[in-house]
Amino acid sequence: MKLPIIAVALVAVLSAPTFAADTDARQLVPMPPEARATMRAEMLDNQLALHQIIGALAEGKYAEAADIAEKELGISAMGKHRKLPSNARPGMFMSDEMHAVGRAGHAAASDFAKVAKTGDMAKALTALQAATGTCVACHRNYRTQ
């Protein structure tokens, strides 16, 4: 039974279109390797935070979801790289527009936290979608390599 699944997966991977950086229409944001590493680590942490938020919502733990959102993604999470050397601070290499998307994401996460504390699942999911929408906007418009 496992062999057909592996075969299907292999065919899917091999038949998928390649996506080379030279055909990537997103805006390149040049930054040194240290800043890229900092940004990558932060994005992986953000991904984990979103996973934890969704898990907390699924369990009805709205206050926990709110706390994670505010601490890890919200306004409270801004400025965490300010003590790093300048070449390791991604913000120093971002355009004003990219900064605006980032600030909007932090604000949306804080807005979600406020809504989640009410325990209204529908409103919380709508607010979470607004927050993840900023993630999508940034990742679809910018790249570092």
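The values are calculated or read from the model by the stated rules, or taken from the named source; none is laboratory data. Keep in mind the model is a prediction, meaning the values are calculated, not measured. We place every Cβ from the backbone using ideal geometry, glycine too, and count neighbours over all the protein chains shown.
Data for the structure
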read-out: Number of the condition not met by residue 44 [criteria: (1) farther than 30 Å from residue 25 by Cβ; (2) under 18 Å from the mean Cα position of the chain (by Cα); (3) modelled with pLDDT of 95 or more]; value: (1)
read-out: Members of segment 107-144 that are touching a Phe, Trp or Tyr at 6+ places or on another chain (Cβ under 8 Å) and over 15 Å from residue 61 (Cα atoms); value: 127, 130, 131
read-out: Conditions (1) crowded, with 17+ Cβ neighbours inside 10 Å; (2) under 20 Å from residue 138 (Cα atoms); (3) charged (D, E, K, R): number failed by residue 67; value: (2)
read-out: Any hit, segment 28-45, residues being within 22 Å of residue 143 (Cβ to Cβ), surrounded by 13 or more Cβ atoms within 10 Å (Cβ to Cβ) and of a type in the set (Val, Ile, Thr); value: yes
read-out: Only listed residue being out of contact with any Phe, Trp or Tyr (no Cβ under 6 Å at 6 or more places or on another chain) and modelled with pLDDT of 95 or more, chosen from 14, 84; value: 84
read-out: Pairs, first free of Cβ contacts under 8 Å to residues at least 60 places away in the same chain in segment 67-96, second aromatic (Phe, Trp, Tyr) and part of a helix (DSSP H, G or I), C-beta under 9 Å, six or more apart; value: 70/112; 73/112; 74/112
read-out: Which listed residue is outside any helix (DSSP H, G or I) and either farther than 23 Å from residue 29 by Cα or modelled with pLDDT of 95 or more (or both), from 105, 79, 119; value: 119
read-out: Some residue of segment 103-126 being more than 16 Å from residue 40 (Cα to Cα), within 18 Å of the chain's Cα centre (by Cα), among the charged types (D, E, K, R) and crowded, with 17+ Cβ neighbours inside 10 Å; value: yes
read-out: Residue that is farthest from residue 51 (Cα to Cα) [pool: residues in segment 73-88 that are touching a helix residue (DSSP H, G or I) at 6+ places or on another chain (Cβ under 6 Å) and crowded, with 19+ Cβ neighbours inside 10 Å]; value: 74
